[in-house]
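Rule-based calculations on the coordinates, nothing more; no lab input. All values derive from a computational prediction rather than experimental measurement. Glycine gets a Cβ as well: all are built from the backbone with ideal geometry, and neighbour counts include every protein chain shown.
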Amino acid sequence: MIKINYVCPTHNTNNFMSERILILGSSGQIGTDLVQFLRTKYGNENVVAADLKAQPILIGCEGPFEFIDVLDGQKVFDTIKKYKITQVYLLAALLSATAEQKVKSAWRLNMEGLFNILDIAKENPALKIFWPSSIAVFGPTTPRIQTPQYTIMEPSTVYGISKLAGERWCEYYNAKYNVDVRSIRYPGLISYKTDPGGGTTDYAVAIYHEALNKKSYNCYLREDTRLPMMYMPDAIRATTSLMEAESSRIKIRSAYNLSAVDFTPIEIASSIRAHIPEFEMTCVPDSRQAIADSWPQSIDDSSAREHWGWKHDYDLDKMTEDMLMHLKVVSNKAL
Ligand code: NAD
Ligand code: SER
């Protein structure tokens with residue numbers, strides 16, 4: 001896929017200027033967009049990016065960056081002290097497909113990384129924490145249509161097991177130690193700035209790149225596999241709205257169901273064909289099919305809507321138009 005530097009919009013810093021934010025796992029799919037959004041909002045110098053790998057260059061949004069392994073709790077703590085951090089977003093994790101290949105290291109990263117942050121927050125009550133969960137907390141015994149906030153949760157993947165355990169620990173640290181930790185069960189996220197990081201829903205990003213570059217795509221899921229999905233601008237808005245909400249409005253301290261759209265490979269292909277009529281898709285399912293089959297098809301997120309006013313903006317066709325428009329700009333710049 002194409003790599004390019006991004007120009008940040010003009011700064012619109014406001015009265016949240018006193019926040020000092022640390023984003024761990026900042027060079028990945030969500031982190032790249034989140035760093036850009038938060039630096040634009042809070043000021044470049046107030047948002048510290050940190051990862052094992054270097055940050056994509058964000059022109060106009062350059063700011064502090066630290067090479068940090070989230071498994072190194074002391075380094076995380078020293079960085080929080082050094083920059084007088086008030087909010088931590090912990091994004092470092094192994095995603096569903098990769099985690100099935102690296103079972104023990106996925107469990108270690110996804111759990112120990114979280115404990116390091118929760119334990120620091122336990123001793124520093126002013127810290128606010130964001131930690132993402134996933135639709136992967138649900139499993140084959142969960143009702144798959146309009147999956148409720150509270151329901152059967154028997155995940156069958158390493159990733160899902162780690163996210164469900166993480167949710168229980170977040171709720172525990174909030175109840176026992178008053179840690180202000182907030183979380184969302186993200187659906188599959190679609191964005192154009194970076195490659196996704198080894199998930200089951202990655203096809204819904206790759207399909208746009210291949211549609212533009214090759215006019216064809218071979219999908220690793222069956223054409224009728226329906227999954228909940230969300231465009232990145234909605235995901236960033238949800239995340240930052242949750243973090244900015246008054247504490248009294250956050251009534252769920254495990255993780256909130258969150259929803260925008262749901263679609264199948266055949267439906268996203270048809271949405272793309274409205275712009276690229278010659279686009280063709282074939283489907284040859286691989287091991288990721290079993291993971292997708294264990295997840296919900298759609299999500300009931302009425303709690304997020306009621307508690308902190310969540311409302312999505314992008315449907316499938318609006319997302320397709322925006323994705324293709326941005327990827328075309330990126331391709332032209334790369335020529
Ligand atoms: P990603 O794989 O794109 O990015 C993760 C980043 O973490 C990478 O830049 C990686 O280098 C970094 N990292 C890995 N190990 C690290 C370590 N030990 N120390 C520091 N950094 C490390 O993932 P993403 O898509 O940005 O997801 C971020 C979070 O959101 C994860 O917790 C993921 O489970 C969750 N989530 C993502 C999606 C999605 O569709 N992208 C959906 C649901 C939940
Ligand atoms: N998009 C993520 C994955 O497929 C869901 O958490 O792993």
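Summary of values
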| read-out | value |
| --- | --- |
| Residue-wise HN-Hα coupling along the range 155-168, computed from phi with Karplus coefficients 6.51, -1.76, 1.60 (Hz; x: Gly, Pro) | x, 10, 10, 4, 4, x, 5, 5, 6, 5, 4, x, 4, 5 |
| Qualifying GluC sites (Glu not before Pro) in the range 205-260, DSSP loop, other Cβ atoms within 10 Å at most 11 | Glu246 |
| Globularity ratio of the range 276-323, using Cα Rg and 2.2 N^0.38 Å | 1.69 |
| Amide H contacts under 5 Å for Val47, placed H, 5+ residues apart | Ile21 |
| Amide H contacts under 5 Å for Cys283, placed H, 5+ residues apart | Cys219 |
| Ranked Arg185, Arg226, criterion: other C-beta atoms within 10 Å, fewest first | Arg226, Arg185 |
| Cα centre as origin, Lys/Arg/Asp/Glu Cβ charges: the range 54-156 dipole, Debye | 120 debye |
| Vicinal HN-Hα couplings computed from phi for the range 42-49 (Karplus, 6.51 cos²θ - 1.76 cosθ + 1.60; Hz; Gly/Pro x) | 9, x, 3, 6, 8, 10, 9, 8 |
| The chain, helix-only ellipticity at 222 nm - DSSP H runs n ≥ 4, -39,500 (n - 2.57), divided by all residues, nearest 500 | -12500 deg cm²/dmol |
| Proportion of all alpha-carbon pairs of the chain beyond 29 Å (%) | 36 percent |
| Too-long pairs where the Cα-Cα distance tops 21 Å, listed order kept, from Lys75/Lys122; Lys53/Lys163; Lys53/Lys214 | Lys53/Lys163; Lys53/Lys214 |
| Proximal aspartates and glutamates relative to Lys84, as straight alpha-carbon distance under 13 Å, when same-chain residues fewer than 8 apart are discounted | Glu19, Glu45 |
| Relative contact order (percent, whole number), the chain, Cα cutoff 8 Å, 6+ residue spacing | 18 percent |
| Value of Rg/Rh across the range 237-302 [Cα atoms, Kirkwood radius] | 1.13 |
| Charge dipole magnitude, Cβ of K and R +1, D and E -1 - the range 198-319, Cα centre, debye nearest 20 | 260 debye |
| Sequence of Trp295, Trp169 once ranked by neighbouring C-beta atoms within 10 Å, starting from the fewest | Trp169, Trp295 |
| HN-Hα J in Hz across the range 69-80 - Karplus 6.51, -1.76, 1.60, θ = phi - 60°, x for Gly and Pro | 9, 5, 6, 8, x, 5, 5, 4, 4, 4, 5, 4 |
| Percent of beta bridges antiparallel (DSSP, the chain, rounded to nearest 5) | 10 percent |
| Amide hydrogen neighbours beyond the local backbone of Tyr89, cut-off 5 Å, H modeled | Leu22, Ile23, Leu24, Phe130 |
| Residue order, fewest to most beta carbons within 10 Å, for Asp119, Asp313 | Asp313, Asp119 |
